[in-house]
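J.: Below is the structure I would like to discuss, written out as structure tokens.
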Amino acid sequence: MTLAQLRQFKNDGRAIAMLTAYEAGFARTAAAAGADAFLVGDSLGMVVQGERDTLGVSVDDIAYHVGLVRRGAGDVAVIADLPFLSDATVERALDAAGVLMGKGADMVKLEGGAEKAEIVRALTGNGVPVCGHVGLLPQRVRKLGGYRVQGRDDLAARRILEDAEALVEAGIDLLVVECVPRALGRQLTAAVTVPVIGIGAGAGTDGQVLVMHDMLGLTETPPRFVRDFLLEGGSIRGAFAAYVEAVRERRFPTDEESF
Ligand code: KIV
């Protein structure tokens, strides 16, 4: 799965089914079920390490899990999160990206908007493909005062759109949008040329991503936009296949699973 293919999917209107992954066995099973891309997210701080947020995750933590996922993913694209503050300066971001690409990542993801344009330019200028992340930014949870839906009013929605456009202008190849009203998810997807992958952003994006532990029913109080695909699929392999099919056929998320 190449970046060009993901872009082609957007142009062809074929929905992209992405999942987070943290190790080889689950990545291999999800790849066999047809997942288009894996994100080694810093959500691993919560779902693997048991922390209350993602702030303690290090570049070495992500690198370790990228290595595991790479071995299971085959030729499915692997995207690695730049964890909290590892992208605070150009130098730190380049160093972190070097470590993560060295472990087998195809792309790095960073959270933030226009203020990250310089970092995105430095990364892409050095041959590192970048995925942006707008909307709810879990790395800023302390400043946001909790995990809340973003972009509910006109001004906030406009800011998110402007941030997305600034990131595209700076050279991102992919964009994640998290926890926004579905109308904004749709609007943002129409506004930018790169594929937009939603999580809690409605069915109008170019693709979906879910945290693997959430969609396997392992999270005690999952957010409203999560569906337990293990219930639907009957086995772990079946859950991945049900997810891929539901995303491709745009049966997930429903309006009830959106904001
Ligand atoms: O860390 C992560 O898993 C993420 C997803 C929630 C998009 O950033």
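The values are calculated or read from the model by the stated rules, or taken from the named source; none is laboratory data. Not measured: the values here are computed from a predicted model. Cβ placement follows ideal geometry from the backbone for every residue including glycine, while neighbour counts extend to all protein chains displayed. Remember, those area values only see protein heavy atoms, side chains included, never the ligands or the DNA or RNA. Shrake-Rupley method; radii C 1.70, N 1.55, O 1.52, S 1.80 Å.
J.: Being open to solvent by less than 50 Å² (accessible area, probe 1.4 Å), in a loop (DSSP other than H, G, I, E, B) and of a type outside the set (Val, Ile, Thr) is the filter here, so list the residues in the stretch 120-159 that pass it.
T.: Pro129, Leu136, Leu137, Gly145, Gly146, Gln150, Gly151
J.: Restricting attention to the stretch 202-250, and to residues there that are at pLDDT 95 or above, more than 28 Å from Ala164 (Cβ to Cβ) and part of a loop (DSSP other than H, G, I, E, B), which single residue is farthest from the ligand (Cβ to nearest atom)?
T.: Going through the qualifying residues, I end up with Gly234.
J.: Can you give me the number of residues within the stretch 107-119 that are in a helix (DSSP H, G or I) and either away from the ligand (no atom under 16 Å from the Cβ) or on the phi > 0 side of the Ramachandran plot (or both)?
T.: Residues flagged as in a helix (DSSP H, G or I) and either away from the ligand (no atom under 16 Å from the Cβ) or on the phi > 0 side of the Ramachandran plot (or both) within the stretch 107-119 amount to 5.
J.: Now for a separate question. Quick one: in the stretch 182-201, which of the residues that are in a loop (DSSP other than H, G, I, E, B) and buried (at least 20 other Cβ atoms within 10 Å of the Cβ) is farthest from the chain's Cα centre (by Cα)?
T.: Ranking the qualifying residues of the stretch 182-201, first place goes to Val192.
J.: Then there's this: Could you count how many residues in the stretch 138-159 are touching a helix residue (DSSP H, G or I) at 6+ places or on another chain (Cβ under 7 Å) and without any contact (Cβ under 8 Å) to a residue 60 or more places away in the chain?
T.: Of the residues in that region, 3 qualify.
J.: Quick one: how many residues across the stretch 114-161 are closer than 22 Å to Gly41 by Cβ and of a type in the set (D, E, K, R)?
T.: Going through the stretch 114-161 one residue at a time, the tally reaches 6.
J.: Here is a follow-up. Any residue in the stretch 242-259 that is among the hydroxyl-bearing types (Ser, Thr, Tyr) sitting within a Cβ distance under 6 Å of a residue that is open to solvent by 50 Å² or more (accessible area, probe 1.4 Å)? List the pairs, counting only those 6 or more apart or interchain.
T.: From the stretch 242-259, the pairs are Ser258/Arg182.
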